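Here the structure comes first, spelled out in structure tokens, and everything after it is commentary.
The values are calculated or read from the model by the stated rules, or taken from the named source; none is laboratory data. What you see is a predicted model; the values in this text were computed from it and never measured. Ideal geometry is used to build each Cβ from the backbone, glycine not excepted, and the neighbour counts take in all protein chains shown. Accessible surface is based on the protein model in full, side chains and every heavy atom, while ligands, DNA and RNA are left aside. Shrake-Rupley method; radii C 1.70, N 1.55, O 1.52, S 1.80 Å.
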Amino acid sequence: MAAAISNRPKISSKNAFNPQSFLDSAGLARRIVEFKRKETIFSQGDPAENVLYLQEGGVRLSVNNESGREVVVAVLKSGDFFGEGCLAGQAVRIGTAAAITATKVLVIEKKEMIRVLHDEHAFSNRFISYVLSRNIRIEEDLVDQLFNSSEKRLARTLLLLSRYGKEDKPQRVLPKVSQEMLEEMVGTTRSRVNFFMNKFRKLGFIKYNGGLQINTSLLSVVLHD
């Protein structure tokens, strides 16, 4: 007897996760939620009950210490997962996620995420690849903070935010990222960020034209000894 064929659509076998295929599959344990600019997606201390996939827009992840000081730890773009700590036993959110522009997020309930990781190999591969890449990024960020100057750290941060190496284009436009946010991400002062941003602009590495545009020539700052 031929094996039974499920009527539920499978996620694309391509590396890129297809959220629409996922939404079209059977079950109700996931939904798309839209957020306005600066709207909070979840707050530090909230119950960690789902995993989120950034379908459109941008998300700012931050953490508040005991004295109330906020530190930005990441700025996410479409194609990123976040909130997956719940899969490793995280009971509450350890940080806050807020939209930095009009944003559309696919919210996947924890139980559904676990089921999909077991049943959908293409999705599982995509997710594991993302987590491993991010772990490498965290290690690189630590080395960057320990050994590089604030100028190099700022240049690297801008290139990472623009997804350097992900698309074959000479320039990329960033979502609205303030100098205060860059100050926290780079770990330097506002005046230093302002000084280097002006320097990068004068050298043609960046420009302001309907948004912050990053030229890949900024890589020369990171590679220069």
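The condition of being among the acidic types (D, E), at pLDDT 90 or above and loosely packed, with under 15 Cβ neighbours inside 10 Å holds for E34.
Of the residues V63, V51, V73, V59, only one is under 21 Å from T103 (Cα atoms) and either modelled with pLDDT under 85 or acidic (D, E) (or both); which? Result: V73 is the single residue among V63, V51, V73, V59 that is under 21 Å from T103 (Cα atoms) and either modelled with pLDDT under 85 or acidic (D, E) (or both). Within region 43-64, the set of residues being at positive phi and surrounded by fewer than 16 Cβ atoms within 10 Å (Cβ to Cβ) comprises just one member, G45. Answer yes if at least one residue in region 82-93 is modelled with pLDDT of 90 or more, open to solvent by less than 10 Å² (accessible area, probe 1.4 Å), not in a strand (DSSP E or B) and not basic (K, R), and no otherwise. Yes, because at least one residue in region 82-93 is modelled with pLDDT of 90 or more, open to solvent by less than 10 Å² (accessible area, probe 1.4 Å), not in a strand (DSSP E or B) and not basic (K, R).
Just one of (1) at pLDDT 80 or above; (2) open to solvent by 90 Å² or more (accessible area, probe 1.4 Å); (3) over 24 Å from the mean Cα position of the chain (by Cα) fails for S191. It is (2). So, in region 201-225, of the ones that are more than 24 Å from the chain's Cα centre (by Cα) and either part of a loop (DSSP other than H, G, I, E, B) or of a type in the set (F, W, Y) (or both), which residue ends up surrounded by the most Cβ atoms within 10 Å (Cβ to Cβ)? Within region 201-225, the match that is surrounded by the most Cβ atoms within 10 Å (Cβ to Cβ) is L203. Just one residue in the set E180, E139 is surrounded by fewer than 17 Cβ atoms within 10 Å (Cβ to Cβ), in contact with a Lys or Arg (Cβ under 7 Å, 6 or more places away or on another chain), modelled with pLDDT under 85 and assigned to a helix (DSSP H, G or I); that residue is E180.
Any residue that is open to solvent by 40 Å² or more (accessible area, probe 1.4 Å), at pLDDT 80 or above and either of a type in the set (F, W, Y) or within 16 Å of V71 (Cβ to Cβ) (or both) - is there at least one of those in region 151-167? Within region 151-167, not a single residue is open to solvent by 40 Å² or more (accessible area, probe 1.4 Å), at pLDDT 80 or above and either of a type in the set (F, W, Y) or within 16 Å of V71 (Cβ to Cβ) (or both). Considering region 100-147, the residues that are under 27 Å from S191 (Cβ atoms) and touching a residue at least 60 places away in the same chain (Cβ under 8 Å) include one that is nearest to the chain's Cα centre (by Cα), namely I100.
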